[in-house]
1. Where in segment 1-16 does the label zone of residue 392 land, with the point 7 angstrom along Cα→C-beta and an amide N cut-off under 17 Å?
2. Of 202, 154, 134, which is the most mobile in a GNM of the chain whose springs link Cα atoms less than 10 angstrom apart?
3. If you wrap a convex hull around the C-alpha atoms of segment 13-89 and split its volume per residue, what is the figure in Å³?
4. Extending each Cα 7 Å along its Cβ direction at residue 338 and residue 84, get the distance between those two points in nm, one decimal.
5. Computed FRET efficiency, Cβ-Cβ of residue 310 and residue 53, R0 56 Å: what is it to the nearest 0.05?
6. Can you compute the modelled spin-label distance between residue 27 and residue 292, with each label point 7 Å from Cα toward Cβ, in nm?
7. Sort 296, 90 so the one with the fewest other Cβ atoms within 10 Å of its own Cβ comes first.
8. Can you give the calculated 222 nm mean residue ellipticity of the chain, where each DSSP H run of n ≥ 4 adds -39,500 (n - 2.57) and the sum is split over every residue, rounded to the nearest 500 deg cm²/dmol?
Ligand SMILES: Nc1nc2c(ncn2[C@@H]2O[C@H](COP(=O)(O)OP(=O)(O)OP(=O)(O)O)[C@@H](O)[C@H]2O)c(=O)[nH]1
Ligand SMILES: [Mg+2]
């Protein structure tokens, strides 16, 4: 799926930065445009892959290049006032070249949480392409202010998109490394996890077996768009009704190296050597592995944690070395998923990747309505009041007064 990505605030810029790096490393091609927007000049300067020409620093006179200090109301007010400047950048994107927009932001931040809904909703109002969101939820070890912010900005964000992924920073994968990890390591690790998931997802439709047997797929862009929603939008100019909000999309992921090497089993000596298994035994073992991997994806890997039976539609993508993707395991996994999701709309696609060391399973569950994690964030934000005050930024007060007057 070809996307234009707008990364807002620190988290949004960092994730865009890493996705660009992933794209290069995997020789994939899914980011047609990448723009980092921020009110903090240091956060922009720290990006290593987003070129300077694709960095937009906003509101220097208001924020002095130091961000909103976690004040989403300040972010929202400023972004609304400067939306034309942002749209002037996104207007450079040639619509014919992309399938969708993706707006990425940390919802606990002032720039991201306040600004991302403004940008997504403006793009959605003026474009025929779907606008998807990736909102990052703060972990429980982060400050209370972050969680309150996220609880408040989550719904405006979801409603401003055709569908919003919510990546929970608390989706800790049991892993290796330092114990306990430093804050820096944690962010790197989180961003790796986010990048692997979204890189796999956004590049799933790439590869044509006819032209390159090592890289073929049967995932179509339409599978992604029909799962997420927002396709077939009427021309913005002809639209009579305002866009109604999309919904929450949960994402699950698990990956493992294949338990046996089917290619080696099929060699001349394959089943003759006593320690080798036959091709059909190897295929059975991999099929079982895929079934188990899909269960692991659902049981341990969904972000945000949610009740899958509340999802509307599902898409399972199984990616990996071409000879480790037996149909049998994938069809079984689909049937199992249909019962878990309590829906018959589960699409399945296979992406063959010769250079992959692992089999990975990615589950997209859209239209999720039940998530305790989201209820929890919403509850905190209604229990704890932070004033919607922009008085720390005197010049913003001017904008607010102007809007009210
Ligand atoms: N996964 C991940 N989360 C991040 C990253 N950077 C920040 N976050 C989280 O995103 C949330 C928002 O923080 P920032 O992105 O720093 O905020 P901002 O959008 O720059 O807004 P300001 O408050 O104006 O600085 C917090 O919950 C952070 O933990 C990142 O690189 N990766
Ligand atoms: Mg910031």
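Only the coordinates and a few stated rules stand behind these numbers; no lab work does. Fair warning: this is a prediction, and the values are worked out from it, not measured in the lab. For neighbour counting, all protein chains shown are included, and Cβ atoms are generated from backbone atoms with ideal geometry for every residue, glycine included.
1. The answer is 9-11.
2. 202
3. 95
4. With each label point 7 Å from Cα toward Cβ, the separation is 5.4 nm.
5. Here the calculated transfer efficiency is 0.85.
6. 3.2
7. Neighbour counts put them in this order, fewest first: 296, 90.
8. -13000 deg cm²/dmol
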